[in-house]
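Okay, so here's the structure we're looking at.
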Amino acid sequence: MGGDVCCGMTEFHMKNAASGELDAFYATRPECQGDVPKTRFKPKGIHPSIKGVVWEFLLGCFNPDSTFDERSELRQCRREQYGTWKAECQKMVPTIGSGKIITAPIITEDGQPIQDPSSNGELQDNGAVTSITPDAPMENGEPAVDAALEKRVIQWKLNLHQIGLDVLRTDRSLVFYESEANLAKLWDILAVYAWIDNDVGYVQGMNDFCSPMVILLENEADAFWCFEHVMRRMRANFRTTTSSIGVQSQLCTLSAVIKVVDPKLHQHLENLDGGEYLFAFRMLMVLFRREFSFVDSMYLWELIWAMEYNPNIFSLYEDPNTATESIATKGNDKLLKKYGKFERKNIKTGIADQQHTALSVFLVAGVLEAKHKRLLKEAKGVDDVVKILNDTTEKLDAKKACLDALKIQKKYLSKTKKQ
């Protein structure tokens, strides 16, 4: 399994699996059947049994030209690294790796430990398995002051219960998360990631990206690294400051795209105080995860990642100096065929900023463009825009939406080139 693995990745589809087979992989709890979005897309895409492995290639976890032995060696190194990070976290908070999760604060804002006397580590009414463990050593019956009080550790510990609360809300309709062990696995991965990503930490929405990795990849460390590679693409969306939200740059790009391809609609949205395009915040933040069923959202992600696929992504991550390779690729049609359709167009036009020009931006633009007439006629305020978009996404065809996004990209690049 070497160079051929990813060359045909964008056309690697599951052709004949029945809906029942998908239901077996992603079973929904009977009592939740009526509360979750229905799976609407035809059961195609990557077969669930190999989906996690394929995602590792699509996301750049491995070199597409690597051998099985090379991947095994790298996988083992990563597992050891994750184990080291997890052990480091466990020393600070013993609940990590215990099969339990934290859903109540364990420290105060100034770093003093808290223990909830009412929980006693027992199962709570909402199904959460809670273990409130004093994580500071004891001296003379009092918590000892140690390095855990430093700013980074305090901030991380303050987030742990929020991660736990979000974990309980994540894909709660799936049978998979009836298991306390699976809930703990998701929480452990997010907690460790929050520790190593000192800049961004944990932000709500990361759980939506991490959950499928936990379901698809049995080994916890492998799931972590697949999630970590998703975050390499998405983390800028989660970076916030006192003056801006991370996804704002993509919203600005969306605004610029609509202004070029449909200036009349853009002006109408501005007149409705929707010129900042905040109504598209959730779509871009978690890649339509909340708009679709679990199965449909994964299929849409696969289409997006396949169209954005860059065979050099592993090298770009491991050695940023190889970024200049895209210049040599620009005029090489044979090499360009290995790229996804969307990324191929970006290389031909010299666009290198994948974050701001992500396919998802053009996908949202395509949805807006498709409802041009209705938005102009019926939208009297931003709430109307949101309603129309919700109605649209309920009937969206994932493959058609991605193809429409490519058309919007072509139209946008053509018009901006002339300006």
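The values are calculated or read from the model by the stated rules, or taken from the named source; none is laboratory data. Please read all numbers here as calculations on a predicted model, not as lab measurements. Every residue, glycine among them, receives a Cβ derived from its backbone with ideal geometry; neighbour counts consider all protein chains shown. Side chains included, ligands, DNA and RNA excluded: accessible areas come from the protein's heavy atoms. Shrake-Rupley method; radii C 1.70, N 1.55, O 1.52, S 1.80 Å.
Remarks
- The range 381-419, subset open to solvent by less than 30 Å² (accessible area, probe 1.4 Å), at pLDDT 85 or above and of a type outside the set (A, V, I, L, M), residue farthest from E369 (Cα to Cα): G381
- Scanning the range 340-380 for residues that are among the acidic types (D, E) and modelled with pLDDT of 90 or more gives E369, E378.
- Cβ-Cβ contacts under 7 Å between residues 6 or more apart (or on different chains), taken from a first residue in the range 88-110 that is without any contact (Cβ under 8 Å) to a residue 24 or more places away in the chain to a second residue that is in a loop (DSSP other than H, G, I, E, B) and of a type in the set (G, A, S), are listed as Q90/G97.
- Long-range neighbours under 7 Å by Cβ, at least six apart or interchain, first residue in contact (Cβ under 8 Å) with a residue 60 or more places away in the chain within the range 161-175, second part of a helix (DSSP H, G or I) and surrounded by fewer than 19 Cβ atoms within 10 Å (Cβ to Cβ): S173/C32; S173/D35
- When the range 179-232 is filtered for residues that are open to solvent by 20 Å² or more (accessible area, probe 1.4 Å), part of a helix (DSSP H, G or I) and small (G, A, S), only A181 remains.
- Restricting the range 78-111 to residues that are outside any loop (DSSP other than H, G, I, E, B) and farther than 14 Å from I189 by Cβ, the residue that is most open to solvent (accessible area, probe 1.4 Å): K91
- Scanning the range 256-280 for residues that are in a helix (DSSP H, G or I) and hydrophobic (A, V, I, L, M, F, W, C) returns A256, V257, I258, V260, V261, L265, L269, L278, F279, A280.
- Whether a residue is out of contact with any Pro (no Cβ under 8 Å at 6 or more places or on another chain), in a helix (DSSP H, G or I), open to solvent by 10 Å² or more (accessible area, probe 1.4 Å) and not acidic (D, E) was assessed, and L368 does not pass this test.
- Residue in the range 247-255 that is modelled with pLDDT under 80 and assigned to a helix (DSSP H, G or I) present: no
- A single entry from D65, D69 fulfils the requirement of being among the acidic types (D, E) and either modelled with pLDDT under 95 or under 22 Å from the mean Cα position of the chain (by Cα) (or both): D65.
- Listed by first and then second residue, the pairs with beta-carbon distance under 6 Å, at least 6 apart or on different chains, first residue in the range 270-292 and more than 14 Å from L254 (Cα to Cα) and among the aliphatic types (A, V, I, L, M), second in a loop (DSSP other than H, G, I, E, B) and open to solvent by 10 Å² or more (accessible area, probe 1.4 Å), are L272/G381.
- Qualifying positions in the range 377-395 - among the acidic types (D, E) and in a loop (DSSP other than H, G, I, E, B): E394
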